[in-house]
Amino acid sequence: MVILSDLSFDSGYGMRFSSSKLLERVELTNGQIDALKNLQDYDLSFITERLVDDINLPLEAPEQVAYLRQLFDRVDFSLAKNIELEFRKWFSLVIIYPHEDFVPSRPVDMYWHYLVLHTMEYSHFCKAVFGRFIHHVGAREAGMDYIQNRKDETLSRLVKLYGPLDQEIWGTKANPGCSNYSFFDSSKQ
């Protein structure tokens, strides 16, 4: 086993989601370490760049783009890279805690939706990182109390692992309520 605090991950854009200042130490198997490295190394630039490009399309842009356009005063490459980084952090929870359910922020969920729209690439991503397909599960059937609990636990785990949250991506402006959340459902995998 390796301790997560011994690892550091580079998002590929000069940003780090580093675990050097972790408040929580986590023991990992070699398989989890490989999956985290694969998550770190997987090239998501085509999604991030396309997301920014699609922001400038007329109103027929995909719903994920329209949501981000509505939420933020700007959706530039810097913001898109930050959403990608938070997407990677959120998916790292799925690797580190494989038997728990986690709720992404709305911007992270929109990034996930956008990746899922590119079905072949999403399939490649899942196979490269997880060795299997990860299903996107809608949250409505889980119940709001359960989703709120899992949202709170997601935020708590992210803070414990990575320090303060990016409030632009995880704060209340980006996450009004939780009525339309989707989540990683470990029982469905």
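Laboratory data are not the source of any read-out in this text; all were calculated from the coordinates shown. The structure presented is a predicted model; accordingly, all values stated were derived computationally and were not measured. Note that each Cβ is placed from the backbone with ideal geometry, even for glycine, and that neighbours are counted across all protein chains shown.
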Sequence-separation-based contact order of segment 56-138, relative, with Cα cut under 8 Å and 6+ spacing, percent: 26
Which listed pairs, of 81/160; 37/89; 127/151; 127/160, have C-alpha distances above 20 Å, in listed order: 81/160; 127/151; 127/160
Radius 9 Å from Cβ of residue 82, net charge of other residues (Lys, Arg +1; Asp, Glu -1): -3
Exposure proxy order (Cβ contacts within 10 Å, fewest to most) of 45, 92: 45, 92
Per-pair calculated FRET efficiency, R0 = 30 Å: residue 77 and residue 38 via Cβ, rounded to 0.05: 0.80
Chain lengthening between residue 160 and residue 45 when straightened (0.36 nm per residue, less Cα-Cα): 38.7 nm
